[in-house]
Amino acid sequence: MKKKVLSVLLSTAMVATMFAGCGSKEASSDNAASNDTATEDTADAAEDTADAADDTADAAPAGDMHFEIVSKGFQHAYWQAVKKGAESKAAELGATVNFVGPNTESDIADQVQMLNNAINAEPNAIGFAALDTTAALDAIQTAMDSGIPIIGFDSGVSGAPEGAVLANASTDNYAAGALAAEETYKIIKDRIANASGAVRIGVLSQDATAESIINRGLGFIDKIAELAQADGKTVTVEGNDKYVTDSKVGKNDGADVIIEVAVPASVDASLSKTDCETILNKEDTICIYGSNQHSGEAMVSANETLQKFGSGDDKVVGVAFDSGAVIKGAVADGTFAGAITQAPVAMGEKLVELLYASANGESVENTDTGCQWYTADNMNNEEIAQNLYD
C-alpha cells in the first residue's frame, strides 16, 4: 500500500519536473535545486500519508469490538441481570458481546470449555468470573500468550497468575456490609440509647473462610460499633474467633452493645437455622443480620416457629444480604426491615467499560460496582427491582 502510493506520487513529481524543464531551458540551478527539494517533500508527505492510512486500517473501529464474557452461571436471574447490563453498555459503545455460563455453579469443566471457546473466538477482550481458577489456569495462560486482555467480575479470578487479569468489577463487600449497618442503626438507634441494660445484635455468617462473606460481616460489625461508640456506648464482639480477631472492636467486658457472631460447623441450612434460633431466644437480642442469601433464608426458617422478627419494640429487627424469593418475601411482608442487594446490572455495565478500555490499550483498575438497600417501600422501584433476583 505504502509503496504503490509513494511510486505514483514520485512519478507525478518527475513528470512535473520534466515539463518544467521543457518550458524554460534557461532555468537557473537554484530553480533545479528547488524542484529537487519539492520532489523530496512530496515524497515524504506521501509516505506519511501512507503510514497514517495503514495505522487507521490497523485500529479496530468501535463497531468492530467484540467481547466474550464467561460467567459462573447462566440460568440464575442474577447472571441474567449482569448480562442485561453488559449488553446495554456494549450497544452504547458500539461493541458486541457473547455472554455465556454453565447451567450451575458446580459445572467447573463446562466453564473451562466455555473459556477455551471464548479464546478461540479471538475477541478483543474477555470477561471472566472463575468457578475454580486452578482448573482454568491453562486457558488463562493461552489467553495471555494470545495477547487477549482478561477482566474479572463478580468473585473475579482469585489466585490468577500475576498480570493475567488486568482488573476486577465487583461489589466492595466490606462497604456493602457497612451500608447494611448504617441503615440498620437508623432503626435500632433509639432502642440502644434507651436500653436499661446491654443489648445484643446477632450476625449470622455462612462461613469464616470465603473472603466476600467475611468482609460483609466485618463491614457490618465495624460500622455498627463505630456508630454506637459515637453515641457514647461501649461495644464488644464475641462468638466466632475469626470475626472477633479481625474486627476493629474486640472484646470489652460489661459493654453496652454485644455483637454476637455465629458461624455453623458446615454450610448447612439446619445448622444456620439453629444458630439463629439460639440468638433469637436471648432476651437482650434486638437485631440479627444475615450476611448472605444462605443466612437470610435460615433466619426466615427460624422465625416460622418463633415469630420474633418484625417491627415494634417487642420485635427483633431482621436485616439480610442478597435477594432471592424467600428474602424478598420477608422484606415485602415486613418480617425483615430491609436487605442489601448487589447491583448486577451495574456490574455488567462496568465490566464492559473495563473490557473496552483494556482492548484499547488503556490502563484499568478494580471497580466497585455498588450495592443497594431495599425495603418494602422501595423494592418495586425500577432501579432497584432490576437488581433483585429469585
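Before moving on, here are some points about what is shown:
- Among residues of region 85-132, those that are of a type in the set (Val, Ile, Thr) and modelled with pLDDT under 95, counted: 1
- Matching residues in region 63-86 - criterion: being of a type outside the set (A, V, I, L, M), part of a strand (DSSP E or B) and open to solvent by less than 40 Å² (accessible area, probe 1.4 Å): Phe67, Glu68
- Residues of region 262-277 that are part of a helix (DSSP H, G or I), small (Gly, Ala, Ser) and open to solvent by 10 Å² or more (accessible area, probe 1.4 Å): Ala269, Ser270.
- Helices (runs of 4 or more DSSP H) lying entirely in region 131-240 (those with 1 or more residues that are touching a residue at least 40 places away in the same chain (Cβ under 8 Å), of a type outside the set (A, V, I, L, M, F, W, C) and more than 30 Å from Val100 (Cα to Cα)): 173-194, 211-230
- Selection status of Thr209, over 24 Å from the mean Cα position of the chain (by Cα) and among the β-branched types (Val, Ile, Thr): no
- Only a single criterion out of (1) open to solvent by less than 60 Å² (accessible area, probe 1.4 Å); (2) in contact with a Ser or Thr (Cβ under 9 Å, 6 or more places away or on another chain); (3) not in a helix (DSSP H, G or I) is not satisfied by Asp253, namely (1).
- Yes/no for Thr134 being surrounded by fewer than 23 Cβ atoms within 10 Å (Cβ to Cβ), in contact with a His (Cβ under 9 Å, 6 or more places away or on another chain) and of a type in the set (Val, Ile, Thr): no
- Identity of the residue in region 87-114, open to solvent by less than 40 Å² (accessible area, probe 1.4 Å) and of a type in the set (Val, Ile, Thr), that ends up nearest to Leu351 (Cα to Cα): Val97
Each row is one residue, and each column tells you yes or no for (1) at pLDDT 95 or above; (2) among the polar types (S, T, N, Q); (3) open to solvent by 50 Å² or more (accessible area, probe 1.4 Å).
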site	(1), (2), (3)
Ala178	yes, no, no
Ile192	yes, no, no
Ser205	yes, yes, no
Ile213	no, no, no
Arg216	yes, no, no
Lys223	yes, no, no
Gln229	yes, yes, yes
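The values are calculated or read from the model by the stated rules, or taken from the named source; none is laboratory data. Source: prediction; values computed, not measured. Glycine gets a Cβ as well: all are built from the backbone with ideal geometry, and neighbour counts include every protein chain shown. With ligands, DNA and RNA removed, areas are computed over all heavy atoms of the protein, side chains included. Shrake-Rupley method; radii C 1.70, N 1.55, O 1.52, S 1.80 Å.
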